[in-house]
1. Please give the number of the condition Arg111 fails out of (1) free of Cβ contacts under 8 Å to residues at least 12 places away in the same chain; (2) within 19 Å of the chain's Cα centre (by Cα); (3) surrounded by 14 or more Cβ atoms within 10 Å (Cβ to Cβ).
2. Identify the single condition in (1) surrounded by 14 or more Cβ atoms within 10 Å (Cβ to Cβ); (2) within 18 Å of Val187 (Cβ to Cβ); (3) not charged (D, E, K, R) that Tyr68 does not satisfy, given that it satisfies every other one.
3. Name the residue that is farthest from Val8 (Cα to Cα), counting only residues in region 128-139 that are touching a helix residue (DSSP H, G or I) at 6+ places or on another chain (Cβ under 7 Å) and buried (at least 20 other Cβ atoms within 10 Å of the Cβ).
4. Out of the residues in region 198-226 that are among the hydroxyl-bearing types (Ser, Thr, Tyr) and outside any loop (DSSP other than H, G, I, E, B), which is surrounded by the most Cβ atoms within 10 Å (Cβ to Cβ)?
5. Can you tell me which residues in region 8-26 are of a type outside the set (D, E, K, R) and either in a helix (DSSP H, G or I) or closer than 15 Å to Phe93 by Cβ (or both)?
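The values are calculated or read from the model by the stated rules, or taken from the named source; none is laboratory data. Note that the structure is a prediction, hence the values are computed from the model and not measured. Virtual Cβ from ideal backbone geometry, glycine too; neighbours counted across all protein chains shown.
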Amino acid sequence: MKRLSIDVWSDIACPWCYVGKRRLEAALARFPQRDQVAVRWHAFELDPSAPKVRQSKQSHVADLAQKYGTSVAQAEAMIGRVVDVARDEGLDFRFDVLKPGNTFDAHRLVRFAESRGAELQTAMTERLMRAYLTEGATLGDPETLVALAVDVGLDAAEVRAMLADGSFTADVRADEQRAKASGINGVPCFVLDWKYGVTGAQTADVLLANIERAWSELPPAPLEMVADGDACGPEGCNS
């Protein structure tokens, strides 16, 4: 059976990554061979130097304006555009309650979830993005991560131990190194069968067109022999 791989680099703290996730889901819902597509999530940190919890005496919009060297009004317009686009995808972004911070441990949690099953990796990614961008969760807090992991069916004690002992650190670093080596410097980035890369929160139509292109170029599946009976060959016939 043919299989198409889609490797997605994203950051939990990236609003366009959440929009991109929804659009990928919409594209796959229209793809007849959806059951033959394997989606895997990879870590990308937009701000690796961020503290676990960023302390600021000003609003997030003021922080954003300072970061990008714009006015507060311009920053508000930027946020408004993202919120409007997200709403069209069924997402409710709440930048007024957002608590910026380091996402490294959240990425480790996504990797831990993957070790328990691909479906859990996707569910964990979804839960973390919703918690951060909609619910104002502090992802630098270990107990917050434990609670979110329990929401998707992971064991609290196992997650707590994983966060404490540094497990999956090498996996996250490997993701980041692979992104760098592959020329991925922005997210979301969708890599199709390691042949085509689609960067940014492209529309579902664009994603679907590229998925169909990658699928059409997959080699045909090898013939699977499902029954074996009496037959003749170069060496003669069996009976």
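1. (1)
2. For Tyr68, the failing item is (1).
3. Step one: filter region 128-139 for residues touching a helix residue (DSSP H, G or I) at 6+ places or on another chain (Cβ under 7 Å), giving 128-129, 131, 133, 137-139.
Filter once more, so that each one left must be buried (at least 20 other Cβ atoms within 10 Å of the Cβ): 128-129, 131, 133, 137, 139.
Values: Leu128: 15, Met129: 14, Ala131: 20, Leu133: 19, Ala137: 23, Leu139: 20 Å.
Filtering first and then ranking leaves Ala137.
4. Thr199
5. Step one: list which residues in region 8-26 are of a type outside the set (D, E, K, R), which gives 8-10, 12-20, 24, 26.
Across region 8-26, the qualifying residues are Ile12, Ala13, Cys14, Pro15, Trp16, Cys17, Tyr18, Val19, Gly20, Leu24, Ala26.
Let's see how each residue does on (1) more than 14 Å from Leu4 (Cβ to Cβ); (2) of a type in the set (Ser, Thr, Tyr); (3) at pLDDT below 95:
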position	(1), (2), (3)
Leu192	no, no, no
Val198	no, no, no
Gln202	yes, no, no
Val206	yes, no, no
Asn210	no, no, no
Arg213	no, no, no
Pro219	no, no, yes
Leu223	yes, no, yes
Ala227	yes, no, yes
